[in-house]
Amino acid sequence: MKLAAAAAVLLIASTAHAGALVWLVGPDIPPKDPSRDLVKTKVALEIVDAHRTIALKPEFGSLRPDNQPSCKGRAYPLETNEVGKLTFYEGGAGGYLVKQNGDLLDIRSWSLTDGACEGKNHDPVACPRKTTHIAYVKLPANTKLHDTIVMVDDKGTRSPFQCDSSD
């Protein structure tokens, strides 16, 4: 299991009708106290066409391929209107997602607990996902997006995220 502890950046590059969301993840942020603190991931959102960067809160946990929709992972699939999602897992799942409604992107953080919640009839049910709005970004009209993940080392070198591995 690979712990992602790095800078994640979402690049939005678009043409008239096609665009890409590229999650950049890396390098590690060392914990202040390794005996108590988790290694965290710096996260930012860079919108290439708009020449804009949005700083996001650090994340922690494993960055497993089977949790990533861009790797065809099924654990946390894209939901209605979502065009990108980056999922970290550590006793629950969370990360960032991008929803698209026409030419407007809605950037959100999300989290989902592993525990059960109480249903209407006092029966255990899956807890609902919680999301928090971060920013809106306007895109050129008719832009269709897809996402990929790229790892970045401490020297800034980029390499593709390995979707066929969960080490």
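The values are calculated or read from the model by the stated rules, or taken from the named source; none is laboratory data. Only a predicted model underlies this, so the values are computations on that prediction, with no experimental measurement involved. Counting neighbours? That spans all protein chains shown, and the Cβs are built from the backbone with ideal geometry, glycine included. Note: areas computed on protein heavy atoms with side chains; ligands, DNA, RNA excluded. Shrake-Rupley method; radii C 1.70, N 1.55, O 1.52, S 1.80 Å.
I'd like to compare 82-95, 150-163, 55-68, 115-128: which one has the highest average count of other Cβ atoms within 10 Å, and what's the full order after that?
Put in order of decreasing packing, that is 82-95, 55-68, 150-163, 115-128.
Cα-Cα over 24 Å: which of Lys57/Lys99; Lys32/Lys99; Lys57/Lys120; Lys57/Lys130?
Cα-Cα > 24 Å for Lys32/Lys99; Lys57/Lys120; rest within.
Over the Cα atoms of the stretch 105-145, what radius of gyration and what Dmax do you get, in Å?
According to the Cα coordinates of the stretch 105-145, Rg and Dmax are 16.2, 47 Å.
I'd like the carbon and sulfur percentage of the solvent accessible area for the stretch 75-167, probe radius 1.4 Å, heavy atoms only, ligands and nucleic acids excluded.
Here carbon and sulfur together make up 50 percent of the probe-accessible area.
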